[in-house]
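Scroll down for the structure; my scribbles are underneath it.
The values are calculated or read from the model by the stated rules, or taken from the named source; none is laboratory data. Keep in mind that this is a model prediction, so the values were computed, not measured. Here the Cβ is made from the backbone with ideal geometry for all residues, glycine too, and neighbour counts use every protein chain on show.
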Amino acid sequence: MTTILGTRLPLIQGALAQLSTAPLVSAVSAAGGLGVLTTVDLTPTTLAAAIAAVRAATDQPFGVNLMLQQPNMAALIPYLIEHPVPVVTTSAGTPKAFCAALQAVGTKVVAVIPSVKVARKMVALGVDALVAEGMESGGHIGTSTTFSLVQQVTAAVDLPVFAAGGIADSTGVRAAEALGAVGVQSGTAFLLAQETPIAPAYQQALIAADDTATVVTGRALGDAVRCLANPLTAAYFAAEADGADAAALHALLDGSLGRAIAGDVDHGTMMAGQIAGKLTQVASAQAIVQAMYA
Ligand SMILES: Cc1cc2nc3c(=O)[nH]c(=O)nc-3n(C[C@H](O)[C@H](O)[C@H](O)COP(=O)(O)O)c2cc1C
């Protein structure tokens with residue numbers, strides 16, 4: 001697996017919308033994992049600058065994440081075919097239209113999947129590897145738990161599978177390997193990296209979180225998101241119970257990750273996985289990598 005990624009460790013730092021920018025990505029890659037750039041809100045010009053910043057900081061492989069529901073995909077995909085990067089990870093959709101074109105320029109395509117059914121579709125497409133992401137994860141989630149999903153995906157397909165959802169240290173890594181995964185993708189743990197451009201109040205909320213601190217908003221909108229419970233999530237569930245329509249629910253949630261990142265921990269969405277309860281401190285990306293692979 002490390003041969004496919006070109007990394008020393010079978011560890012992917014999961015893309016973190018608006019947060020996995022060049023400082024975090026280059027630090028993870030330099031530490032032996034695969035740092036993955038977020039492309040949320042980027043244009044080809046700002047993506048080029050982010051890629052250049054990673055390359056200036058490390059000669060190690062890195063990835064670029066394509067969240068396929070984002071409106072900028074039509075501009076970024078042609079850019080990445082013209083200007084290849086080592087790895088592209090895809091989520092929230094199918095890379096069918098461009099997978100072969102990326103591979104033709106030497107890019108490995110890793111698809112994040114929530115079910116065996118989607119895993120099989122990705123195998124048929126010819127992707128290089130899979131991330132099986134359970135619903136313990138922070139951010140946008142499916143419905144299967146990591147424990148059930150990973151062992152069924154690894155049994156069903158003949159591709160390297162990384163486990164994601166609930167993994168923050170070597171205990172999680174060993175569990176993932178026992179389920180048949182070749183490695184892991186971790187997201188929530190890297191929210192506590194010194195290199196992550198996130199408000200201290202969001203990081204302190206993660207440290208204060210216990211095992212039951214997260215809730216899932218957006219189910220009524222077909223867009224389930226795991227995040228820390230706070231006054232915003234309480235307002236969301238109250239509005240849902242009152243029969244608020246989709247527009248009203250969107251008005252509460254849209255743009256709310258940005259508010260949390262800026263430090264408004266009452267009115268922002270603090271995306272986080274259930275493993276937040278195990279996190280105790282802000283640390284360097286390198287230390288977070290070493291906690292998973294000593
Ligand atoms: C704040 C936050 C933002 C995320 N943004 C993205 C994203 O833009 N694209 C994506 O594919 N996954 C995204 N994820 C999912 C992570 O890449 C990763 O798969 C997930 O966090 C793994 O589970 P864990 O949170 O239990 O470690 C995000 C997760 C979090 C916590």
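Scanning segment 84-118 for residues that are more than 15 Å from the ligand (Cβ to nearest atom) and touching a residue at least 40 places away in the same chain (Cβ under 8 Å) returns Pro86, Lys108, Val116. Residues in segment 137-147 that are more than 9 Å from the ligand (Cβ to nearest atom) and closer than 21 Å to Met292 by Cα were compared, and the one that is surrounded by the most Cβ atoms within 10 Å (Cβ to Cβ) is Phe147. Annotation: of all residues in segment 170-195 being touching a residue at least 12 places away in the same chain (Cβ under 8 Å) and of a type in the set (Val, Ile, Thr), the one that is nearest to the ligand (Cβ to nearest atom) is Thr188. In segment 153-169, the residues that are farther than 20 Å from Gln274 by Cβ form Cβ pairs under 8 Å with partners that are at pLDDT below 95, at six or more places apart or across chains, as follows: Pro160/Met1; Pro160/Ile4. Starting from segment 124-137, keep only residues that are on the phi > 0 side of the Ramachandran plot, then list their pairs with residues that are within 7 Å of the ligand (Cβ to nearest atom) and part of a loop (DSSP other than H, G, I, E, B) whose Cβ atoms are within a distance under 6 Å, requiring at least 6 positions of separation or different chains. Cβ pairs passing all conditions: none. Among the candidates Gln286, Gln274, Gln290, the residue that is surrounded by 13 or more Cβ atoms within 10 Å (Cβ to Cβ), within 12 Å of the ligand (Cβ to nearest atom) and of a type in the set (S, T, N, Q) is uniquely Gln274. Taken over segment 271-285, the criterion of being touching a strand residue (DSSP E or B) at 6+ places or on another chain (Cβ under 9 Å) and of a type in the set (S, T, N, Q) is satisfied by Gln274, Ser284. Is it the case that Ala75 is small (Gly, Ala, Ser), in a helix (DSSP H, G or I), away from the ligand (no atom under 16 Å from the Cβ) and closer than 29 Å to Asp158 by Cα? When the stated conditions are applied, Ala75 does not pass them. Checking each residue of segment 59-69 against the condition of being touching a residue at least 60 places away in the same chain (Cβ under 8 Å), more than 13 Å from the ligand (Cβ to nearest atom) and closer than 23 Å to Glu195 by Cα gives no match. When each of Ala235, Ala209 is tested for being over 20 Å from Gln70 (Cα atoms) and either away from the ligand (no atom under 13 Å from the Cβ) or assigned by TED's automatic domain parsing to the domain that holds Glu136 (or both), the lone residue that passes is Ala235.
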